[in-house]
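Visitor: Take this structure first; my questions come after.
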Amino acid sequence: MNKKLFLILILNIFLIGIISAQVSYCCERLENNGAWCQNAPEEECNQNYLSVPTSCEATSYCRLGVCINTGEGTCLPNTPQRVCTDSGGTWDEREKDEIPQCQLGCCLIGEQAAFTTSTRCKNLASIYGLEINYRTDVQNEMQCIAMASPKVKGACVFEDEYQRNCKMATKAECQEMEIGDSNVEFHEGYLCSAESLETICGPRGGTTCVEGKDEVYFLDTCGNVANVYDNGRVNDQLYWDTIIAPTCGDENGNPNSPNCGDCDYYLGSTCKRAERGNSPNYGNYICEDLSCEYEGENYQHGETWCVDVEGTEENFPGSRNFRMICYNGEVSVEPCADYRQEVCIQSEVNTFKTAACRVNMWQDCYSQTNPKDCENSDKRDCQWIEGVSILVDEGGNSLAVDENNEKIDASCVPLNAPGFDFWKEETDAKEMCGLASTTCYVEYASSVTTGGLIGEKGIPLDAQCMDKCREECLINDPTNFCNRACEEKCPSQCVNNNKDYTIKETWIEDMSNICRAMGDCGNGNNYIGEQGYYDEDDLESFVTRSSEEQTNE
């Protein structure tokens with residue numbers, strides 16, 4: 001009996017030791033890992049924070065509640081008050097469902113969905129720069145997630161007079177139908193003609209064009225748009241089950257193809273109703289060719305080019321630049337500004353031509369005195385011609401210089417000669433063309449004793465030659481017929497003071513080029529080949545008559 005009593009006393013002491021060892025404190029914060037509101041032995045509590053020998057659920061400083069972040073729109077349940085306030089949140093002891101700002105709805109942003117608060121939804125929208133659709137009528141997260149990707153297309157199946165009818169629609173459109181009919185089903189990526197859906201819609205209902213689309217599409221028997229027309233898959237049930245990208249296309253957009261409806265507007269084709277003689281093998285629509293034919297050459301849809309009008313390159317009087325446009329199978333004409341104040345420029349990338357009317361920058365060509373400034377294409381459209389200078393000082397000396405700043409006979413003239421309304425009384429034509437005018441002076445001395453002409457050092461010249469010169473030459477000769485005649489008849493004798501007054505072979509051509517470059521100047525044909533008021537014979541006759549009149553004087 002005494003032994004039993006002794007054992008009982010020992011056992012009681014052992015149990016009391018165990019119970020006392022299990023007594024824990026509610027540590028507001030632990031010493032080791034900094035965790036908040038944990039039940040632990042007193043020695044593990046951080047001495048700078050509160051601790052009492054009871055469970056944390058029974059304390060006021062570790063009561064759990066909802067921590068509301070009003071800025072982010074989040075509501076975190078089961079959060080200690082101290083933890084919430086230290087993080088800048090607002091602590092509320094009510095249940096989350098009882099707090100108005102913590103009520104959840106479906107936040108639809110773009111193709112995504114989230115079941116969250118209204119404030120959080122607005123913050124997400126501002127981050128991604130998208131508009132939102134916040135639905136408070138959605139009651140759970142599963143229903144909200146199902147509303148994601150509202151623009152995806154598929155088969156919307158619904159009951160219609162005890163039949164399974166179907167309509168191709170987006171998920172959003174199908175969900176709107178679900179409001180009035182709880183039996184609506186959306187099958188993403190499926191066609192209404194899919195056998196597995198068991199609808200009243202079947203394949204092979206013809207073809208059609210779809211507004212805003214380039215391609216030719218199949219129709220099912222309910223009139224729903226199916227996949228792109230491919231004659232090789234008319235009877236392929238797999239092609240009538242799900243939405244499949246077309247595989248029959250080529251790199252040219254299938255223009256006028258009888259077998260494929262994979263049109264591409266940017267490649268030069270689009271869906272149109274087929275015409276006689278150009279029919280598809282199935283249906284009534286085809287990829288119409290949008291290219292153009294102009295003067296025996298084919299142009300792609302969207303191409304533009306400069307037309308080679310007669311006289312345009314030579315800048316003949318009356319000529320004008322034109323830009324041609326191929327658009328939807330038709331060629332249209334866009335004239336550049338008249339009087340060649342605009343020029344047509346053309347470029348080509350991978351055989352695709354692009355042209356534009358650009359301002360002709362010729363106005364300050366005449367004032368340029370060196371080839372670098374003259375041919376600076378960023379500032380002006382000019383060309384440098386050597387041989388004759390139209391920019392001279394008072395003594396008739398050229399102001400032009402070459403690359404080494406050496407004096408040179410040269411002129412800066414328009415690359416694309418401008419036109420003038422020269423037929424009007426008030427016009428700039430006379431002033432502009434006058435810049436290219438020059439005067440040739442030929443000096444002769446009369447011999448009192450012989451009545452003939454005296455050449456170098458008083459030596460009489462060949463009488464017959466100089467008589468011919470007298471007949472054809474003017475002392476002030478703007479057309480230089482005199483010099484040309486003397487060069488032909490007496491090339492070694494037309495001299496004075498050891499200077500050869502015969503014209504260089506290129507001088508006449510250089511002057512002619514400069515004259516034409518100035519604009520509608522000089523004697524020549526217009527853009528249709530008609531001559532001006534005077535031809536060359538008339539001008540020579542005029543010079544001869546003038547020479548005789550001056551000789552008589």
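The values are calculated or read from the model by the stated rules, or taken from the named source; none is laboratory data. Every value quoted in this text rests on a predicted model; they were computed, and no experiment measured them. Note: ideal-geometry Cβ built from the backbone for every residue, glycine included; neighbour counts use all protein chains shown.
Visitor: Identify, please: which residue in the range 85-102 is touching a residue at least 24 places away in the same chain (Cβ under 8 Å) and not in a helix (DSSP H, G or I) and is, among those, farthest from S60 (Cα to Cα)?
Guide: The qualifying residue farthest from S60 (Cα to Cα) is I99.
Visitor: Answer with yes or no whether R94 is over 39 Å from the mean Cα position of the chain (by Cα) and outside the structural domain of I243 (by TED's automatic domain parsing).
Guide: Yes, satisfied.
Visitor: Could you tell me whether any residue of the range 132-145 is in a strand (DSSP E or B), exposed (fewer than 14 other Cβ atoms within 10 Å of the Cβ) and in contact (Cβ under 8 Å) with a residue 12 or more places away in the chain?
Guide: No, every residue in the range 132-145 fails to be in a strand (DSSP E or B), exposed (fewer than 14 other Cβ atoms within 10 Å of the Cβ) and in contact (Cβ under 8 Å) with a residue 12 or more places away in the chain.
Visitor: Here's something else I'd like to know. What about T247, is it touching a residue at least 24 places away in the same chain (Cβ under 8 Å) and polar (S, T, N, Q)?
Guide: no
Matching residues to (1) modelled with pLDDT of 80 or more; (2) farther than 30 Å from I127 by Cα:
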| residue | (1), (2) |
| --- | --- |
| I16 | no, yes |
| E31 | yes, yes |
| W36 | yes, yes |
| I68 | yes, no |
| G73 | yes, no |
| C84 | yes, no |
| S87 | yes, no |
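Visitor: Continuing with the same structure: Of the conditions (1) crowded, with 16+ Cβ neighbours inside 10 Å; (2) without any contact (Cβ under 8 Å) to a residue 60 or more places away in the chain; (3) under 30 Å from the mean Cα position of the chain (by Cα), V349 fails just one. Which one is it?
Guide: Condition (1) is where V349 drops out.
Visitor: When you go through (1) surrounded by fewer than 17 Cβ atoms within 10 Å (Cβ to Cβ); (2) touching a residue at least 40 places away in the same chain (Cβ under 8 Å); (3) assigned to a loop (DSSP other than H, G, I, E, B) one by one for F316, which number turns out not to apply?
Guide: So the condition that F316 fails would be (1).
Visitor: I'd like the residue in the range 401-431 that is more than 22 Å from N376 (Cα to Cα) and in contact with a helix residue (DSSP H, G or I) (Cβ under 6 Å, 6 or more places away or on another chain) and, out of all such residues, is modelled with the lowest pLDDT.
Guide: Once the filter is applied, the top-ranked residue is F422.
Visitor: Could you please find all residues in the range 359-384 being basic (K, R) and either assigned to a helix (DSSP H, G or I) or surrounded by fewer than 16 Cβ atoms within 10 Å (Cβ to Cβ) (or both)?
Guide: Correct list: K372, K379.
Visitor: From the list E297, E288, exactly one residue is in contact with a strand residue (DSSP E or B) (Cβ under 7 Å, 6 or more places away or on another chain) and either in contact (Cβ under 8 Å) with a residue 12 or more places away in the chain or under 27 Å from N416 (Cβ atoms) (or both). Which is it?
Guide: Only one candidate passes the filter, namely E288.
Visitor: With respect to the numbered conditions (1) under 30 Å from S118 (Cβ atoms); (2) exposed (fewer than 12 other Cβ atoms within 10 Å of the Cβ); (3) modelled with pLDDT under 85; (4) not hydrophobic (A, V, I, L, M, F, W, C), which one is the sole condition not fulfilled by E95?
Guide: Evaluating E95 over (1) under 30 Å from S118 (Cβ atoms); (2) exposed (fewer than 12 other Cβ atoms within 10 Å of the Cβ); (3) modelled with pLDDT under 85; (4) not hydrophobic (A, V, I, L, M, F, W, C) leaves (3) as the failure.
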